[in-house]
Amino acid sequence: MWNGLTGVEPGRPCNKPGSEGGGLVDVTVPFLQSRGYAESDEDEDWVLPTGPRPSLSAYKHWLLVSVCFCLSLIASSVYVGWKLSLFVRLWRSASTFSVFFFVIELLLYLCQLTWAAEFSRPPSSRKRLTLGAAGPFPRAAILITCCNEEFDVVQDTVLAALRQDYPPEAYGVWVLDDGTDDELKAWIETLAIESAREVGYIRRPKQKGVPHHFKAGNLNYAVSKIHDEFVAVLDADMIVSSNFLAGMLPHFSSPKIAFVQAPQAYYNISAGDPLNGSNIYFYDVCLPQRDAFRVAQCVGTGVIFRRSSLSDVGLFVTGAVTEDIGTSLQLHSQGWESVYVKERFQMGLTPWTLDRYVKQQFRWCMGELQVIWQRGLIWTRGEAFPVSRRLIYMQAGLHSFLAFSTMGLIMLAQALCIFEPWLLPAEAKEGDYRMLVVLITPHLLFGRLAPHAIHLRIPGFMSRQQVRIRGEQAWYWMAPYKCLSVLRAYIPWISKTFEATGSRTTDDFSGPFGFLLVTIKWGQLIGFHLLYVIIALAAIAWRISVLNVGSCHELMSSVLVVLWQLFNVQQMCPPILFQLFPPSYPLESDRRSLLKYDDNGVPVFDHALGIPPTDWRVLALEILPVTQAVVWVYLLWVALHPDYVPGYCQGNFFQRKPI
């Protein structure tokens, strides 16, 4: 049903300013062919969120990353090839542990190859575009999806969306409420009357027993009622810039472009970004790189679709909990292209609590798996979907499966510390162990070059280091959750229930069983991480207690294993620390204190509010990796000098025995 309309039919052409009753003409052709917009003399680099411009141009940065990937792949290929030949030669004496360890290394090597493939093409470089004062101004509808979010959150989003530097009669704002909020409905109806603007409330009918398809179903119902040329989608918490429409619509410069996507920013990130909630690597490095292949996917908000492209693929894809990547894949597989702009036109809220953050990650992970693998679109034949585009989607789909490799790696570290198993086949000689160190050291060190080079694109030393360090941490501590997501996606009897990330929480831990409920919830969230850290620290203490410091081999192996274990403990700690010591930040109820408002109470988009605050203490997390690198370089020197005899220990560093 339709509620809160101003008497204007959704999508109906309205009058231009100064026109005498004439409707808006069909501007599709002149909009595509004319130069009705202003073009900046600079590319988009200046709009990156962390202040100054990057130190390298986009092309020079890509060349540097390519060189680092080449060095890393050469070193890794030599190491993996040598180790494979060793196992083939001595396979009869290979232990189960050594084989499993090598399989994990092979999987991570394949991950490195797919990651390098994503950077095989220079990133796209665009000029900043803005619609000129004379237009043309195509019709657009801004759809705001909500489902039980707090009323004041949706209210701010609606007011900001109505504040576009765009002819008021050329766009409408529609709130798509899947939560049956009567207070919101009444406010929209009042706003429509008082503002005399095209703003409306849509509540779709839901029949019991009929699939509703979550956000996709909500959008499809609204789009079927709206006939505007362009359709913008915003999440309920996203405050948009007044230049949102005028800055993004000019990028529909070709009839092949299905949608234009802008990055997200968040204004409630605490200093140090402990959970990596800003996701800057994804928005400022990953998606611009995928845009080079014209397959940067939609992220569900801050996106404008060409209405005809949605009609071509049957509107938004249903049957998955993430309609954004599903619709992107459907469009790209049909030959449509996309544009990713680097400028931020929106800022919203990252989940305030760990449990909601984990639920969000669960949903994204399951959605990717459902869309990319279960639908089989990447296997369909057709020239409209070239191999390069398929590889990008395959890389996105493999991302969740690689969490099992990470889990295997951190569990193997526990075994190395406690049981001292063989790393190589039992028949390996001293020379084989020396060669292992000679080859694994450049493999590990050059493997660190590419991440450092990739993050050079993010301006500001502290911002760059924080994004890289927190991203690497998240890869480890999110691995258990991602593994569970994969199992949920493929094991039928595991629940796949979905809850909107921003939905109001209904947890009640009061009463006589409150403490028990809190304990159970904590166990579900961080139980694995706590158990891992406790066992790891106990194993380290035991290893040190039995260490014979006079034996060079025992000293070398113990130092390597203990450093690795400490590194894993460090990587698994963020969710534990977040729960035990929540960041000192305004409460969710004080959200408005984080924003700026004009004299009319309308939230103002401020680019600076979306810049995550940095914390110099994050740099302390680099102490262990640097120490590990120094130790490996020292061992490389020892391996290359067989006659070296240290004065602090006795015996051979490379005895043929378990590590």
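Every read-out reported here was derived from the displayed coordinates using simple, explicitly stated rules and does not represent laboratory data. All values derive from a computational prediction rather than experimental measurement. Methodologically, a virtual Cβ is constructed for each residue, glycine included, from the backbone with ideal geometry; neighbour enumeration extends over all protein chains shown.
Some notes on this structure:
- With the highest mean first, a sort of the peptides 341-351, 583-593, 151-161 on other beta-carbon atoms found within 10 angstrom per residue produces 341-351, 151-161, 583-593.
- Each residue in M366, M238 was given a count of other beta-carbon atoms within 10 angstrom of its own, and listing them fewest first yields M366, M238.
- Using the alpha carbons alone, the radius of gyration of the stretch 556-659 stands to its Kirkwood radius in an Rg to Rh ratio of 1.29.
- Shape class for the stretch 528-594, computed from the alpha carbon gyration tensor (a ≥ b ≥ c): prolate, with a/c not under 1.5 and a/b above b/c.
- Efficiency of FRET from Cβ geometry, S224 and Q334, R₀ 30 Å, rounded to 0.05: 0.90
- Extended-chain gain in nm, criterion 0.36 nm per residue less alpha-carbon gap, A426 and S253: 55.9 nm
- When the pairs K60/K482; K60/K342; K127/K256; K215/K482; K185/K215 are compared against a 24 Å limit on Cα-Cα distance, K60/K482 fall above it.
- Relative packing of 625-633, 387-395, 471-479, which averages over residues the other C-beta atoms within 10 Å, highest first: 471-479, 387-395, 625-633
- Report note on the peptides 647-654, 175-182: ranked by the mean count of other C-beta atoms within 10 Å, highest first, their order is 175-182, 647-654.
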